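Derivation of every value follows stated rules applied to the coordinates shown; laboratory data play no part. Not measured: the values here are computed from a predicted model. Reconstructed Cβ throughout: ideal geometry from the backbone, glycine too, with neighbour counts over all protein chains shown.
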Amino acid sequence: MVKMNLLQNPFIETSFSVLIYQALLCIIVVVFLLTIPLNTAKAENNLYLTESYKKSNDYKAIAQAFINGKPILKNGLPVLGYTWNYDTAKDSVRAATAYCIKLSDEPRNKIQCKIIFLGTKPVPNNDNIETLIIRYEQQVINDLTEQLKKTGERELVTRLSTILQKTGYYKLSEDLLIDLAMNGEHLAQNALAYHWAELSINLPMALSFSNNAVSKDPNFFSYHDTRSLVLFRLGQTKEALKASAHAISLSQHPIAIDHYGDILWKTGHETKAVEQWKKSISVSKDILFIQRLQLKIKNGMTQDIIFE
């Protein structure tokens, strides 16, 4: 709790009216502090705008910085790390904590960043955060499923399928996409091809879907990026490199650039791969993504391609 000394002007005589004024002012200040986590509009490099936070319907979290149990203030406001648009609840929590630490000016070994909101629900101090994360994960899946039933929006199909895939519900993710993909819906075809490439299954069908998606929208970088990954899984490395290079010629998207670096590394072009990873870092604002790339630059690729 931050203590505030209000109206300490020695020239103001204490009176009943002044006491009432002080009480009202205290109430206003307390209400303001309580609403800061969801209403502050201050934005810094990695502190997201709250309007975007509130509108996001996937995984999001807010962490607040403390030192010795007391909130850390910066420019009179609590230090908060906001994250949204993550595919898993755990990643949203990890990212919010990382942003929170990064924005704090205090020594890092003394900072404690606590998750104070999962989505738009406050996190009580004594609750088990791991249990809340599991509940929150299921809540978002349920909410998106209900939205999809009501609206049938194809963007919701691909968003929900990605979240299901990343949280381990592979069969549910596939079931959501397969009918649309078989009927020629290119967004669903691209999403399913990507998921299959990630799992290294059904690769000939994945390539057929990916080729069709590219033919439907040849200027969409993401379709070429997916195609490059499917080709790589099929062992067609030269074609994979061409498709990946074409993807980043259409858009300097950090994930597409990262994938290009991955394929370069796996095909023996380590120096060029590191150049692409550094380039990806320069155009990304995602702290977890940047941290993972920094590890690859330092250690090289020590495992299979990790799809984003």
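Overview of results
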quantity: In segment 136-203, GluC sites (Glu not before Pro) in a DSSP loop with at most 15 other beta-carbon atoms within 10 Å; calculated: E153
quantity: Ranked list, fewest to most other Cβ atoms within 10 Å of each Cβ, for R135, R108; calculated: R108, R135
quantity: Reachable aspartates and glutamates from K279, criterion Cα separation under 12 angstrom, eight or more residues apart if same chain; calculated: D258
quantity: Segment 85-224: relative contact order as a whole-number percent, Cα under 8 Å and 6+ apart; calculated: 15 percent
quantity: Sorted peptide list for 158-166, 283-291, criterion being average Cβ within 10 angstrom, highest first; calculated: 158-166, 283-291
quantity: Chain lengthening between D217 and Q138 when straightened (0.36 nm per residue, less Cα-Cα); calculated: 25.1 nm
quantity: Candidate lysines for bridging to K171, where Cα separation is under 19 Å - those fewer than 8 sequence places away on the same chain excluded; calculated: K149
quantity: More than 19 Å apart - percent of Cα-Cα pairs taken over segment 49-202; calculated: 58 percent
quantity: Extension gain, Q112 back to K54 (0.36 nm per residue minus Cα-Cα distance, nm); calculated: 18.4 nm
quantity: Neighbour-count ranking [beta-carbon atoms within 10 angstrom, fewest first] of T131, T226; calculated: T131, T226
